[in-house]
Amino acid sequence: MDEPSKLLTPPPQSSIFQLDFPAPGVLLVTINREAQRNAVPVAGHAEGHRIWHWFDDEPAIRVGIVTGKGTQAFCAGADIVEQFEGSAIYNISMPVPEDGFMGLSLRRGKKPVIAAVNGIALGGGFEACLNCDLVVSSPEAEFSLPEVHVGAFAAGGGLAHIVRACGLQIGSELALTGRRISAREAKSLRLVNVIAKSPKTVVAEAVELATQIVGVSPDSVVASRYGLREALEMDTVEGHTRRTTKQYGRPLVEGENYRIGLEAFAKKKRPKWVDSKL
């Protein structure tokens, strides 16, 4: 699909990621390095950071999807060859890049991103999935934090995310052994939302899921996502609820989409949402 005419600013240029618009309000970001199993070089962190910040600031785009080129690999993690040859600017002894691996693994952001995992997701690739809001997986995908096998550790947020998602014991097993898990096991561990019908339908099913989110109030999505993320950070339900309400309660109910939603419900008609001002 061509670039939407409603965009306020053009998308960032990238040598690593391909940007497409498969449905209204949906951005598809594809790691375009199939020959390298979609491993991301150091430059990909800054490029990803720019892309996802542009996505958050662009009102016409409401949901993002990230995937890898082809059907074999979502992302094999960092470009180890680049690091071994000494050309890498970033390594695990230095501060984590802003927003983490390819701008995703530590991203908080404003809008949801769906991982369409079309193949293996290793290291930073798995860490990016762990921080995405929803995950659609190929039935043949595999997930792993294999850093311990190369003398490193999951430095992009994966350790914290895996423990919060699976608990200390399972998280420890995956991080300390580097064991690969199947899509089925990942779903049983609540790391995957949907296992696609086939490897070739992963992106299409992710777009279908994204379209469902595009169809609801964009203000509600922003506020709800903020509240969900705060729940991971806050130590009490009351504290996180009050913080979310303070941040988005008044702007949401005073916004146009709230009025549109109430009027549509009262008149039993379909709401026609406007771009979020939150």
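A few notes on this one:
- Arg229 vs. criteria closer than 27 Å to Ile162 by Cβ, outside any loop (DSSP other than H, G, I, E, B), among the charged types (D, E, K, R) and modelled with pLDDT under 95: yes
- Within segment 41-154, helices (runs of 4 or more DSSP H) holding 3 or more residues that are in the same structural domain as Thr201 (by TED's automatic domain parsing) and modelled with pLDDT of 90 or more: 43-57, 124-131
- Qualifying residue in segment 204-213 (condition: over 30 Å from Lys277 (Cβ atoms) and either in contact with a Lys or Arg (Cβ under 7 Å, 6 or more places away or on another chain) or of a type outside the set (S, T, N, Q) (or both)): yes
- Of all residues in segment 62-76 being within 16 Å of Gly44 (Cα to Cα) and touching an Asp or Glu at 6+ places or on another chain (Cβ under 8 Å), the one that is surrounded by the fewest Cβ atoms within 10 Å (Cβ to Cβ): Lys69
- Selection from segment 17-38 of residues that are touching a residue at least 60 places away in the same chain (Cβ under 8 Å), part of a loop (DSSP other than H, G, I, E, B) and not polar (S, T, N, Q): Pro24, Gly25, Arg37
- Test: residue in segment 199-212 that is under 13 Å from Ala141 (Cβ atoms), in contact with an Asp or Glu (Cβ under 7 Å, 6 or more places away or on another chain) and outside any helix (DSSP H, G or I): no
- Among the candidates Ala141, Ala186, Ala210, the residue that is over 15 Å from Phe74 (Cβ atoms) and under 17 Å from the mean Cα position of the chain (by Cα) is uniquely Ala210.
- Criterion (buried (at least 17 other Cβ atoms within 10 Å of the Cβ), out of contact with any helix residue (DSSP H, G or I) (no Cβ under 9 Å at 6 or more places or on another chain) and either of a type in the set (Val, Ile, Thr) or on the phi < 0 side of the Ramachandran plot (or both)) met by exactly one of Glu58, Glu34, Glu3, Glu47: Glu58
The values are calculated or read from the model by the stated rules, or taken from the named source; none is laboratory data. Being a predicted model, the structure only gives us computed values, none of them experimental. Cβ: placed from backbone, ideal geometry, glycine included. Neighbour counts: every protein chain shown.
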